[in-house]
Amino acid sequence: MKSFGRWILWLLLAGVALQLFFLARIALMVAVDPTSTAFMRSEAWRIAGTSLQSDKEWRWSHRWVPDEQISPLLKRAVIASEDAGFFEHRGVDWGAIEGAWQKNERRQQQAEKRATRQPSQPAREPKVVGGSTITQQLAKNLLLSGERQLLRKGQELVLTIMLELVLDKRRILEIYLNSVEWGEGVFGAEAASQRYFNKPASKLNAHEAARLAVMLPSPKFFETRQGSAYLARRTGTIVARMGGVVLP
């Protein structure tokens, strides 16, 4: 029993040490711009491996730009599209999570009804929507793996709280916009703006900013479907919502 107790103690100490490590990394970001994220590094390895196996041309684009070099229109568009309550919540929007849970439940029930009515048709998995805030997305991409596990979700919540306690909203949004994925090997607002519109992120107009914001949930999908009717329709919706977003 004493040996078991020591193992538990060591596990607890290791857990505390890991949290302190994460906290130190986040505190450093108050003044130092992160050069990459855990997700970016995993994508770099994946793309490099694919390129070596298929002789496919390596493509990677990422360049950090300071907050003032990112168009306020893009900031408004991303908030309107991804996290309307960004400036009000403290990292987690419980209302959005509950709404996403209910929507996923309805979609699952609809999928089960379709399967019952049409048993000969191949089953189609319902699309799952999330209620993650911008801070939660940043916490996941910045320091965690992409695995969907309960323990990882718990760690994501802890990191979200740390980010909100240590960094202000402006800095959180700056890091997010400089590191989020916008296509295969395309990371950050500057790389995305150059990739899709051949201009710096500071020069984006409202329609271009909204179009980039709409791509965020599925950037690789929309990268190859720039003529999508949904993309055009949703872009118009976000342009209309942007006026209601007030930046501090």
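The values are calculated or read from the model by the stated rules, or taken from the named source; none is laboratory data. Because the structure is predicted, anything quoted here is derived from the model rather than measured. A quick note on method: Cβ atoms are made from the backbone with ideal geometry, for glycine too, and the neighbour counts reach across all protein chains shown.
Might you check whether a residue that is of a type in the set (S, T, N, Q), in a helix (DSSP H, G or I) and modelled with pLDDT of 95 or more occurs anywhere in the range 172-181? Checking the range 172-181: at least one residue is of a type in the set (S, T, N, Q), in a helix (DSSP H, G or I) and modelled with pLDDT of 95 or more.
Here the range 34-59 is the region considered, the condition is being part of a loop (DSSP other than H, G, I, E, B) and over 18 Å from the mean Cα position of the chain (by Cα), and the residue that is farthest from Lys199 (Cα to Cα) is Asp55.
For the range 73-82, the candidate set comprises residues that are more than 14 Å from Glu190 (Cα to Cα) and among the charged types (D, E, K, R); within that set, the residue that is surrounded by the fewest Cβ atoms within 10 Å (Cβ to Cβ) is Glu82. Could you please tell me which pairs satisfy a Cβ distance under 6 Å, a separation of 6+ or placement on different chains, a first residue in the range 48-72 that is more than 16 Å from Ser36 (Cα to Cα) and surrounded by 13 or more Cβ atoms within 10 Å (Cβ to Cβ), and a second residue that is acidic (Asp, Glu) and modelled with pLDDT of 95 or more? Every condition considered, the pairs that remain are Asp67/Glu174.
Run down Glu174, Glu184, Glu190 and say which single residue is closer than 16 Å to Pro72 by Cβ, within 15 Å of the chain's Cα centre (by Cα), surrounded by 13 or more Cβ atoms within 10 Å (Cβ to Cβ) and among the acidic types (Asp, Glu).
Details: Glu184 fails: closer than 16 Å to Pro72 by Cβ; Glu190 fails: within 15 Å of the chain's Cα centre (by Cα).
That would be Glu174, the only listed residue that is closer than 16 Å to Pro72 by Cβ, within 15 Å of the chain's Cα centre (by Cα), surrounded by 13 or more Cβ atoms within 10 Å (Cβ to Cβ) and among the acidic types (Asp, Glu).
Take the conditions (1) exposed (fewer than 15 other Cβ atoms within 10 Å of the Cβ); (2) among the hydroxyl-bearing types (Ser, Thr, Tyr); (3) modelled with pLDDT under 90; Ser42 misses just one of them, which is (3). Against the numbered list (1) more than 19 Å from Arg25 (Cβ to Cβ); (2) in contact (Cβ under 8 Å) with a residue 24 or more places away in the chain; (3) surrounded by fewer than 22 Cβ atoms within 10 Å (Cβ to Cβ), Lys153 comes up short only at (2).
Here is a check on your reading of the model: is Arg234 over 15 Å from the mean Cα position of the chain (by Cα), assigned to a loop (DSSP other than H, G, I, E, B) and either of a type in the set (Lys, Arg) or surrounded by 15 or more Cβ atoms within 10 Å (Cβ to Cβ) (or both)?
Details: over 15 Å from the mean Cα position of the chain (by Cα): yes; assigned to a loop (DSSP other than H, G, I, E, B): no; either of a type in the set (Lys, Arg) or surrounded by 15 or more Cβ atoms within 10 Å (Cβ to Cβ) (or both): yes.
So Arg234 fails the test.
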